[in-house]
Amino acid sequence: MSLTNELIQQKLIEKFGDQLTDWVQPYGMLTFTAPKELNLKILQFLYDDPECKFQFLTDLQAVHYPEKKGAELAVVYHLHNLTDNVRIRFKVFTDITEPDVYSATALYSSANFMERETYDFFGVNFLGHPNLIRILNVDEMDYFPMRKEFPLEDQSRVDKDDEMFGRG
Amino acid sequence: MSRPVQYNTKLKTVEPPAGVMGDGFMATSLEKVVGLARKNSIWPLPFATSCCGIEFMATAASHYDIARFGAERMSFSPRQCDLLMVMGTISKKMGPVLRQVYLQMAEPRWVLSVGACACSGGIFDTYSVLQGIDQVIPVDVYVPGCPPRPEAILDGFLKIQELIGQESLRRRTSEKYKDLLESYGIQ
């Protein structure tokens, strides 16, 4: 294979220096962390670079780490180079009180629905998204269900008839 | 020589309603006649979203054969249906759709809720699932089970027949019924 993880890492470090951290390769997949302001620059660089050619956004989603104060929400980008069949991923972290991340929709059209889903479940506010509304859940929902901030069973729920389940 | 009949000798015919019978006539109340006619020719609308729908298909197929009870005519237009059979998990997002289907049905209409999910949300005690369809529409008969066997669905269907046969012709215009619909926000 012509495009190795080491080569990609070297190119990225050449371009962005030590702003990119936490380089790991679990199961051979190059993974790193970037500051959230840089996400579009990195995506654009990986897209345009004649050797990297990461022109396919496989997946985009978020992870909630409640214990990481100030960087609770991670947005994860999975990229695929279809020419050399190489995959990489990188994460950007953001504060949950200010979950603003730049939208990748201008670069990858496939990011449109994935960012809407990420907004729907984690409340990540993608700046520049053309239509950032809920996609899977009901529009009336006023919380982000996949955040790890709910007890396993919420006793305050009113849509559950407790008597039917022996909890009355 | 007549052929000996060994099977199906315990056939039951439907009892005629109470009334006055004579040579060539029978007098009974209109309500009972309408009840008989309605209950033996129910047009169901299957609203099947998951595994209970598969059980329903078995119920409608030759072995269990719901047609024996006069319900072989599945209608896929709510306007021409008598019975809405809800089978499967109804998510909160689908709640308004189910309600819309119910509203499009003409009176008199009945609802059969098949399976744990339709009755109570079942195992899906979660943010996206409606915890029982009786949150959005009134239900006449609940069939428990996960999924219920075809026999259970047939039993629920017979219960619906019982209800239909005994229903008063004035029920749908009564204050009580209006209050019931009112509690669901249906005018």
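The values are calculated or read from the model by the stated rules, or taken from the named source; none is laboratory data. Owing to the predicted nature of the structure, the values given are computational and were not obtained by experimental measurement. In this analysis, Cβ positions are derived from the backbone assuming ideal geometry, glycine residues included, and neighbour counts consider all displayed protein chains.
Every residue, every condition in (1) of a type in the set (Gly, Ala, Ser); (2) without any contact (Cβ under 8 Å) to a residue 40 or more places away in the chain; (3) out of contact with any Phe, Trp or Tyr (no Cβ under 6 Å at 6 or more places or on another chain), yes or no:
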{"residue": "B:Lys10", "(1), (2), (3)": "no, yes, yes"}
{"residue": "B:Ile42", "(1), (2), (3)": "no, no, yes"}
{"residue": "B:Ser50", "(1), (2), (3)": "yes, no, yes"}
{"residue": "B:Gly53", "(1), (2), (3)": "yes, yes, yes"}
{"residue": "B:Phe76", "(1), (2), (3)": "no, yes, yes"}
{"residue": "B:Gln100", "(1), (2), (3)": "no, yes, yes"}
{"residue": "B:Glu107", "(1), (2), (3)": "no, no, yes"}
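Quick test for you: out of A:Glu153, A:Glu163, pick the one residue that is at pLDDT below 90 and not in a loop (DSSP other than H, G, I, E, B).
Being at pLDDT below 90 and not in a loop (DSSP other than H, G, I, E, B) holds for just one of A:Glu153, A:Glu163, which is A:Glu163.
Does at least one position in the stretch B:95-109 carry a residue that is within 11 Å of another protein chain (Cβ to nearest Cβ) and not charged (D, E, K, R)?
First pass over the stretch B:95-109, keeping only residues within 11 Å of another protein chain (Cβ to nearest Cβ): B:95-96.
Add one more test, that the residue is not charged (D, E, K, R), and what stays is B:95-96.
Scanning the stretch B:95-109, I find at least one residue that is within 11 Å of another protein chain (Cβ to nearest Cβ) and not charged (D, E, K, R), so the answer is yes.
Filter the stretch B:120-139 down to the residues that are closer than 23 Å to A:Met146 by Cα, touching a residue at least 12 places away in the same chain (Cβ under 8 Å) and β-branched (Val, Ile, Thr), then identify the one that is nearest to the other protein chains (Cβ to nearest Cβ).
Looking at residues that are closer than 23 Å to A:Met146 by Cα, touching a residue at least 12 places away in the same chain (Cβ under 8 Å) and β-branched (Val, Ile, Thr), I get B:Val129.
Could you tell me how many of the residues in the stretch A:111-142 are among the basic types (Lys, Arg) and in a helix (DSSP H, G or I)?
The qualifying residues number 1.
Please tell me if B:Gly165 is under 28 Å from B:Ala116 (Cβ atoms) and either in contact with a Leu (Cβ under 6 Å, 6 or more places away or on another chain) or free of Cβ contacts under 8 Å to residues at least 60 places away in the same chain (or both).
No; evaluated as a whole, the condition is false for this residue.
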